[in-house]
1. Within the range 148-185, track down each residue that is surrounded by fewer than 16 Cβ atoms within 10 Å (Cβ to Cβ), closer than 17 Å to G48 by Cα and in contact (Cβ under 8 Å) with a residue 60 or more places away in the chain.
2. Report, by residue number, each residue of the range 110-159 that is under 30 Å from K75 (Cβ atoms) and part of a strand (DSSP E or B).
3. Among the helices (runs of 4 or more DSSP H) contained in the range 6-94, which hold 2 or more residues that are aliphatic (A, V, I, L, M) and crowded, with 16+ Cβ neighbours inside 10 Å?
Amino acid sequence: MKYFSYVVEHDYGLAPNPFGGYCSLAVCKPGIRGNINLNIGDWVIGTGGKKLKSDNHIIYLMQISEKLTFNGYYKDERFQYKKPIPNGSLVQIFGDNFYFKDEETEKWHQDISAHSFKNKNKHINTDTSSEIVLVAERFYYFGDMSVEIPDEFKAICKKGPGMKYKDLEEIGEFFVKWVTTSFDEGIIGDPISWQEFNSFHNQYKFEI
């Protein structure tokens, strides 16, 4: 079992998306989603940083139960709830199920989504550089209820870009035990970055 840790720069309920009974990582972070060392049963740990004003806080923890392709995710009945609705609630606006590939032309299609309004082509190139979607049935999503990680576990935190997974086996095991015995599974708080929004119409002002 391995433990993958990275810093969550933006927390809109998009990456990760904890809604609909599953926590999914479907966009952004292609280096994690497509990592050949990440397998079913491994843990992904998202911690806070300066951009979220939550240094050394836990934002979420998910145990990978499935690895799907974009097309598989897009068609799966379980994840239709995660398809974005631009004029819906914030949960619906930030749905992450919006990519599919035309099997004849091999061309990527992106439904209207949070990644359609700013730097669209950049998002498409980044998001589709890995076709893997990570899904977790077991997860702990803290969001704006994030808590500071105890000193004895802070080595789990990645500083700066990229991810950290080597040499985390021992501390990862104790970190996961701390989370799973101290908190309830599922959604504990709302996404931190929702505080920036008053309505759907001003979302283009923010980097998502």
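Rule-based calculations on the coordinates, nothing more; no lab input. Note that this is a predicted model, so its numbers are computed, not measured. Here the Cβ positions follow ideal geometry from the backbone for every residue, glycine too, while neighbour counts run over all protein chains shown.
1. E148, K154, K159, G160, P161, G162
2. Step one: list which residues in the range 110-159 are under 30 Å from K75 (Cβ atoms), which gives 110-141, 143.
Residues satisfying the conditions are Q110, I132, V133, L134, V135, A136, R138, F139, Y140, Y141.
3. Details: elements: 30-33, 70-75, 90-93.
It comes to 90-93.
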